[in-house]
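In what follows, a structure is listed as structure tokens, so that the remarks can point back to it.
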Amino acid sequence: MKPAPMERGEVRHLLIRGVNWLGDAVMTTPAILRLRERFPKARITLLCPEKLRDLWTSHPAVDAALSFAPGEGVLAVARRLRETGADAAVVFPNSFRSALEVWAAGIPRRVGSGRFPRTCLLTDRVAEDPGIVRMRKRTEPEVRRLVAAPSAGEGSGSRTAYPATSHQLHHYLRLAAHLGADRGPLPPRLQAAPDAIRAMAARLAEPGAIGGPLIGLNAGAEYGPAKRWPVERFADAARSLAARTGARFVIFGGKADIPLAHDLAGRLGGGIPRTILAGQTTLAELMAGLSRCRALITNDTGPMHLAAALGVPLVVPFGSTSPELTGPGLPGDPRHRLLLGQAPCAPCFLRTCPVDFRCLRSISPEAVVAATLEVMSTDTGVAP
């Protein structure tokens, strides 16, 4: 039997077990905002991996952020959770461990998706919506068969579309709604820390720079190369934007993206101001750096979601993944331009392309330049 939604005022302290990946964490923010609406007087504590703690320290819906270190055991985490005195928990991840943590902490009511084998650890098991469409990875033989079809010339063929109601943020909203929260979607929302913004403004100041827009470039993607629009096309688009707008650039990325960032910077050529931040920022500093940008050209990866939640207009080449399932911001947000690579095998959701990256190569630098000029004009009123 489905448990009745909680009555207002029953929760004094709500524990939210956050997800483990940056992009997914951003997509939980609409549900967290709805939970704050539902329980305006409750204390909300969010548990997350140490690497994501900065995401929540300035969030308006979260009172406290607890983090766990890599390798920290379930029982150690559970002991700290027990000390919070939380009387209800919402478990956003689908993992067994996340449910075990709140069960071992003795939190009386535990809400999460009802998937075996963790069902016995939850008091409230929330089933998925009937008809929801989940990501399905194509197999290599399937990809090769699709591109070998007579009508599948390079760059041609329609990609598979998914219903917008299957977007990942609806999964988290559904869990929040089980506790009586409004299920209506909201845009993901984050706030950069004011001190980090001030420090980043000084860090990105260019001596003698005259009013050119600051455009972010994020050419990496932690998931794998199948998500990465070619670096030479990032450079082509940036050079064109510099010539047309006098733009300055900031190159983002993680530690693994440092070689790629330097490759991209080198391809820009002389005379184009650029600052490399790849591998040189904490999460709080990354948020501050993104918030300074007039626009961000990015692959489908964590910083894409982060920038959208900070209100930065985006241009995103989508190839192997689906914006209907994991796109930035609220689905249909007019501030962003999501460019869909066309190929009969897209989206395949693979980490590495087994053929020739035709989906991403079908997106031209000219299309990215036009989209970037458009979002900057719409956002600021500055004509391209």
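The values are calculated or read from the model by the stated rules, or taken from the named source; none is laboratory data. In this text, all values refer to a predicted model and were calculated from it rather than measured experimentally. Heads up, the Cβs are rebuilt from the backbone with ideal geometry, glycines too, and the neighbour counts pull from every protein chain shown.
Per the listing Leu306, Leu296, Leu286, Leu290, the residue uniquely in a strand (DSSP E or B), at pLDDT 95 or above and under 16 Å from the mean Cα position of the chain (by Cα) is Leu296.
Checked across the stretch 309-326, the condition of being assigned to a helix (DSSP H, G or I), closer than 23 Å to Ala193 by Cα and among the aliphatic types (A, V, I, L, M) holds for at least one residue.
Starting from residues that are touching a Lys or Arg at 6+ places or on another chain (Cβ under 6 Å) and surrounded by fewer than 19 Cβ atoms within 10 Å (Cβ to Cβ), keep the ones in the stretch 110-144 and report whichever is modelled with the highest pLDDT.
Only one residue fits best here, namely Thr123.
Okay, residues lined up against (1) surrounded by fewer than 24 Cβ atoms within 10 Å (Cβ to Cβ); (2) free of Cβ contacts under 8 Å to residues at least 60 places away in the same chain; (3) under 21 Å from Ala238 (Cα atoms); (4) not basic (Lys, Arg):
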residue	(1), (2), (3), (4)
Ala308	no, no, yes, yes
Ser320	no, no, no, yes
Ala346	no, no, no, yes
Arg351	yes, no, no, no
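Can you tell me which residue within the stretch 54-66, out of those that are surrounded by fewer than 18 Cβ atoms within 10 Å (Cβ to Cβ) and not aliphatic (A, V, I, L, M), is nearest to Thr84 (Cα to Cα)? Among them, the one singled out is Asp63. When the criteria are applied in full, Leu33 fails the requirement of being modelled with pLDDT of 95 or more and not in a helix (DSSP H, G or I).
On the stretch given as the stretch 273-304, residues that are in contact with a strand residue (DSSP E or B) (Cβ under 8 Å, 6 or more places away or on another chain) and not polar (S, T, N, Q) total 16.
For the stretch 201-224, state whether one or more residues are part of a loop (DSSP other than H, G, I, E, B) and among the charged types (D, E, K, R). Yes. Scanning the stretch 241-270 for residues that are assigned to a loop (DSSP other than H, G, I, E, B) and among the polar types (S, T, N, Q) yields a total of 0. Tallying residues that are more than 16 Å from Glu101 (Cα to Cα), among the aliphatic types (A, V, I, L, M) and outside any strand (DSSP E or B) within the stretch 45-89 yields 4.
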